[in-house]
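Working notes, structure below.
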Amino acid sequence: MTALRSAGCVFAEDEAELIIAAAPTPRDIAALVERRAAGLPLELVVGWAEFRGLRITVEPGVFVPRRRTEFLVEQALAATRPQSQPRAETRTGPRAREAVVVDLCCGSGAVGAALAAGLGRAELHAADIDPAAVRCARRNVAALGGQVHTGDLFDALPGGLRGRVDILAANVPYVPSDEIGLLPPEARDHEPRVALDGGADGLDVLRRVAAGAPGWLAPGGCLLVETSSGQAPAAVAAFTDAGLRTRLAVCEERHAHVVIGVRT
């Protein structure tokens, strides 16, 4: 704790407990403390991040899921349309159709994993352009029966998903390019730029996702994307221009802004 406090860790006691739990020997504890004191994010030191009650594996070079993004998951679960059509008959009667969930720009796969856990059963697909993120996401969604794909946005997805997606969650990069240098060192120095940089105004990837989403969503399916308060009006406009019925959800406590668009 003394070493962590000296390094400027505000929650030194809590971090020390997590490090001790993650390290089998005193020598390992010392090594992890040294890495944390050098500025490595705590989640990368211990190898996991808590996200909506789940322990999500994270690795160096992969975006660490933020607690504010839990709001996106909550909104997605609340917006899920009723699955009233039976998918198949079982010995106990008709079984409701599984929701089809896509976690685009998935990073570690935290959003997709949390959605699948919240729904109880789902056909889960996750995709990212970064091979390191894909490797990490596979570790987090494998137990849920999910599939992870590599590629640029919708190009990564199987064609059979067109017109079938009930929840399309996309935690896209939305930091303006010239503001990357202003980010905290934990993000600026340890997370891939491709997971942070959203172009000149931060909305380049969001606009691409909004434009392509209607062709992949099922009728009544919804697209959800996290953004910032200043970018929210332009993000809402991008959703509306794509033909989606759009609203903005805000959680002031978590400083979270989620744009939600429904295919009518």
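Values for this structure:
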{"item": "Criterion violated by E191 - all others in (1) farther than 30 Å from G120 by Cα; (2) free of Cβ contacts under 8 Å to residues at least 40 places away in the same chain; (3) outside any helix (DSSP H, G or I); (4) of a type outside the set (V, I, T) satisfied", "result": "(2)"}
{"item": "Checking A235 against (1) free of Cβ contacts under 8 Å to residues at least 24 places away in the same chain; (2) closer than 24 Å to E70 by Cβ; (3) aliphatic (A, V, I, L, M), the condition it does not meet", "result": "(1)"}
{"item": "Residue list for the range 32-85, filter: free of Cβ contacts under 8 Å to residues at least 40 places away in the same chain, in contact with a strand residue (DSSP E or B) (Cβ under 9 Å, 6 or more places away or on another chain), over 15 Å from D166 (Cα atoms) and part of a loop (DSSP other than H, G, I, E, B)", "result": "G47, R66"}
{"item": "Single condition D241 does not satisfy, out of (1) of a type outside the set (S, T, N, Q); (2) under 19 Å from V73 (Cβ atoms); (3) free of Cβ contacts under 8 Å to residues at least 40 places away in the same chain", "result": "(2)"}
{"item": "Residue match in the range 151-158 (condition: in contact with a Cys (Cβ under 9 Å, 6 or more places away or on another chain), within 24 Å of G61 (Cβ to Cβ) and not β-branched (V, I, T))", "result": "yes"}
{"item": "Selection status of I20, surrounded by fewer than 20 Cβ atoms within 10 Å (Cβ to Cβ) and at pLDDT 90 or above", "result": "yes"}
{"item": "Count of residues meeting criterion [more than 20 Å from P185 (Cβ to Cβ) and in a helix (DSSP H, G or I)] in the range 1-30", "result": "12"}
{"item": "Output for the range 233-264, where each listed residue is assigned to a strand (DSSP E or B), surrounded by 14 or more Cβ atoms within 10 Å (Cβ to Cβ) and not basic (K, R)", "result": "T246, L248, A249, C251, A256, H257, V258, V259, I260, G261, V262"}
{"item": "Selection count, the range 112-155, where residues are over 13 Å from the mean Cα position of the chain (by Cα), in a helix (DSSP H, G or I) and at negative phi", "result": "13"}
{"item": "Pairs, first open to solvent by less than 10 Å² (accessible area, probe 1.4 Å) in the range 153-171, second outside any helix (DSSP H, G or I) and charged (D, E, K, R), C-beta under 6 Å, six or more apart", "result": "A169/D103"}
{"item": "Hits in the range 26-55 - residues which are closer than 30 Å to G220 by Cα and open to solvent by less than 40 Å² (accessible area, probe 1.4 Å)", "result": "F51"}
{"item": "Residue among G230, G202, G221, G198 that is open to solvent by 10 Å² or more (accessible area, probe 1.4 Å), of a type outside the set (D, E, K, R) and either under 19 Å from the mean Cα position of the chain (by Cα) or modelled with pLDDT of 95 or more (or both)", "result": "G230"}
{"item": "First in the range 249-264 and among the basic types (K, R), second anywhere and surrounded by 13 or more Cβ atoms within 10 Å (Cβ to Cβ) and in a loop (DSSP other than H, G, I, E, B), Cβ under 7 Å, 6 or more apart", "result": "R263/L244"}
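Residue-by-condition table, conditions (1) open to solvent by 10 Å² or more (accessible area, probe 1.4 Å); (2) modelled with pLDDT under 50; (3) over 28 Å from H255 (Cα atoms); (4) among the aromatic types (F, W, Y):
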site	(1), (2), (3), (4)
T69	no, no, no, no
Q75	yes, no, no, no
A79	yes, no, no, no
R87	yes, yes, yes, no
R91	yes, yes, yes, no
R97	yes, no, yes, no
V101	no, no, no, no
L104	no, no, no, no
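The values are calculated or read from the model by the stated rules, or taken from the named source; none is laboratory data. Because the structure is a prediction, the values reported are computed rather than measured. Cβ: placed from backbone, ideal geometry, glycine included. Neighbour counts: every protein chain shown. The accessibility values were calculated without ligands, DNA or RNA, using every heavy atom of the protein model including side chains. Shrake-Rupley method; radii C 1.70, N 1.55, O 1.52, S 1.80 Å.
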